[in-house]
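Engineer: Provided herewith is a single structure, encoded as structure tokens, for subsequent inquiry.
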Amino acid sequence: MRLCSIASGSSGNCIYVGSDATHLLVDVGISGKKTECGLNSLGLSGNDLDGILITHEHSDHISGLGVLARKYEIPIYATRGTITAIRRTKSLGNLDEDLFREIKEDSKFIIKDLTVNPMRISHDAAQPTAYRFSYGSQKVAVCTDLGVYNDYTVECLKGMDALLIEANHDVNMLQVGPYPYYLKQRILGDRGHLSNENSGRLLSRILHDRLQTIVLGHLSKENNLPELAYEAVRMEITMGDNPYNANDFRLMVADRSEVSPVIHIA
């Protein structure tokens with residue numbers, strides 16, 4: 001199984017997950033053209049896609065969905081609440097009703113040789129989800145846009161071989177930055193985004209010997225820096241109540257607009 005970030009950040013998110021036989025995208029929050037360029041760099045095209053899985057309806061996750069899904073007639077997987085919100089998003093244009101596949105949290109479904117297991121997340125959207133994928137014994141997860149985590153989140157993310165997880169903001173940068181007060185409160189709230197420190201704390205509860213790669217994603221352009229996210233998460237892992245050191249794991253930061261190295265699950 002493979003995991004690759006085509007784009008990840010507050011300005012647009014698009015993540016590839018696939019096997020030799022199955023090719024999926026989690027979100028299309030960048031233009032159709034940029035998405036296709038990213039796929040091309042992986043040796044793929046829109047014709048190869050077996051599905052697009054949408055986490056929620058915010059524009060940085062669906063802005064390129066209409067163009068791509070119409071062009072290649074790609075099935076769109078999302079919860080009922082998210083599908084309803086997508087249908088109300090006029091900027092996407094008309095989408096054929098037959099393209100939508102309604103899914104439910106904690107209810108597994110299969111796309112060719114990949115098993116997909118959606119999980120609940122806390123975010124200010126209609127019915128947001130994160131996704132876990134399995135291929136035989138191999139497991140990866142894409143989990144962003146969660147303002148808070150709990151025991152359910154921890155249980156869902158245990159046992160992954162690789163995961164892309166949110167490290168959205170540095171709290172100090174956000175607090176002293178230019179955002180209006182209401183927006184700062186939204187981001188810091190339980191239905192906002194995970195800070196660098198909280199991302200590291202969550203990771204500290206799910207680390208295990210077989211975890212191969214951690215990718216930090218959905219960094220804020222205005223309220224974070226890749227170096228800050230990287231060091232803050234490393235510190236939380238090393239200083240946290242767990243038997244591991246940050247050097248025990250491959251830790252990467254997904255670029256805002258560049259395709260990441262492909263993670264191959266051994």
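The values are calculated or read from the model by the stated rules, or taken from the named source; none is laboratory data. These numbers come from a predicted model, not from an experiment. Cβ: placed from backbone, ideal geometry, glycine included. Neighbour counts: every protein chain shown. With ligands, DNA and RNA removed, areas are computed over all heavy atoms of the protein, side chains included. Shrake-Rupley method; radii C 1.70, N 1.55, O 1.52, S 1.80 Å.
Engineer: What's the whole-number percent of alpha carbon pairs in region 1-130 lying beyond 25 angstrom?
Structural biologist: Roughly 15 percent, once rounded to a whole number.
Engineer: What is the extension gain from residue 239 to residue 11, computed as 0.36 nm multiplied by their sequence separation minus the C-alpha to C-alpha distance, in nm to one decimal?
Structural biologist: In short, 78.9 nm is gained.
Engineer: Could you give the nm distance between label points at residue 89 and residue 175, where each point is 7 Å from its Cα heading toward the beta carbon?
Structural biologist: If labels sit at residue 89 and residue 175, their model points lie 3.3 nm apart.
Engineer: Counting only C-alpha contacts under 8 Å and six or more residues apart, can you give the relative contact order of region 1-119 as a whole percent?
Structural biologist: Dividing the mean separation by the residue count of region 1-119 yields 21 percent.
Engineer: A follow-up question, please. When every alpha-carbon pair in the chain is counted, what percent end up more than 29 Å apart?
Structural biologist: 24 percent
Engineer: Of the peptides 118-128, 237-247, how do they stack up when ordered by the mean number of other Cβ atoms within 10 Å, highest first?
Structural biologist: My ranking of the peptides, most packed first, is 118-128, 237-247.
Engineer: So, one more: If I take all pairs of Cα atoms in region 17-76, what percentage of them are more than 18 Å from each other?
Structural biologist: When every Cα pair of region 17-76 is considered, 22 percent fall beyond 18 Å.
Engineer: Computed over the Cα atoms of region 98-149, what is the ratio Rg over Rh, Rh following Kirkwood?
Structural biologist: 1.00
Engineer: Still on this structure, please answer the following. For region 1-40, restrict the atom set to alpha-carbon positions and state the Rg and Dmax in Å.
Structural biologist: Answer for region 1-40, Rg first and Dmax second: 9.8, 31 Å.
Engineer: Next question. So, R0 is 25 Å and r is the distance between the beta-carbons of residue 221 and residue 124; what FRET efficiency does that work out to, to 0.05?
Structural biologist: E between residue 221 and residue 124, to the nearest 0.05, is 0.85.
Engineer: To continue, here is another question. For region 110-203, take N as its residue count and report Rg(C-alpha) divided by 2.2 N^0.38 Å.
Structural biologist: That works out to 1.20 for region 110-203.
Engineer: Taking region 158-260 as the region of interest, what is the percent of Cα-Cα pairs per 10 angstrom bin, listed from the shortest bin to the one with the maximum distance?
Structural biologist: All Cα pairs, binned at 10 Å, distribute as 16, 47, 29, 8, 0 percent.
Engineer: With +1 assigned to the C-beta of every Lys and Arg and -1 to the C-beta of every Asp and Glu, and no other charges, what is the dipole magnitude of region 1-138 about the Cα centre in debye, to the nearest 20?
Structural biologist: Dipole about the Cα centre, nearest 20: 180 debye.
Engineer: Treat every Asp and Glu Cβ in region 208-266 as -1 and every Lys and Arg Cβ as +1, leave all other atoms uncharged, and give the resulting dipole magnitude about the Cα centre to the nearest 20 debye.
Structural biologist: 160 debye
Engineer: Only four residue types carry charge here, +1 at the Cβ of Lys and Arg and -1 at the Cβ of Asp and Glu. Report the dipole size of the chain about the Cα centre in Debye, rounded to the nearest 20.
Structural biologist: Magnitude of the dipole: close to 380 debye.
Engineer: Additional query: Over all pairs of distinct alpha carbons, what does the Kirkwood formula give as the hydrodynamic radius of region 120-164, in Å?
Structural biologist: 11.1 Å
Engineer: Still on this model: Do the sum for the chain: with -39,500 (n - 2.57) for every DSSP H run of n ≥ 4, divided by all residues, what is the mean residue ellipticity at 222 nm, to the nearest 500 deg cm²/dmol?
Structural biologist: The helix contribution divided over the chain gives -8000 deg cm²/dmol.
Engineer: Further question: Give the aspartates and glutamates reachable from residue 184 as a straight Cα distance under 19 Å; neighbours fewer than 8 places away on the same chain don't count.
Structural biologist: Once the sequence-local aspartates and glutamates are set aside, what remains near residue 184 is 60, 124, 145, 166, 170, 197, 222.
Engineer: Now for a different question. Write down the accessible area per residue of region 132-252 in Å², having rolled a 1.4 Å probe over the full set of protein chains.
Structural biologist: Counting only protein heavy atoms, the per-residue value for region 132-252 is 45 Å².
Engineer: Which percent of the accessible heavy-atom area of region 154-204 goes to carbon and sulfur, probe 1.4 angstrom?
Structural biologist: 52 percent
Engineer: Give, as ranges by residue number, the residues of region 1-21 whose backbone N falls under 20 Å from the point 7 Å along Cα→Cβ of residue 113.
Structural biologist: From region 1-21, the list is 1-4, 16-21.
Engineer: Label point 7 Å out from residue 106 along Cα-to-Cβ: which residues of region 70-84 have amide N under 18 Å?
Structural biologist: 79-81
Engineer: Continuing with this model, one more query. At a Cα cut-off below 20 Å, give the lysines reachable from residue 90, other chains included and same-chain residues fewer than 8 away excluded.
Structural biologist: Excluding near neighbours in sequence, the set is 33, 71.
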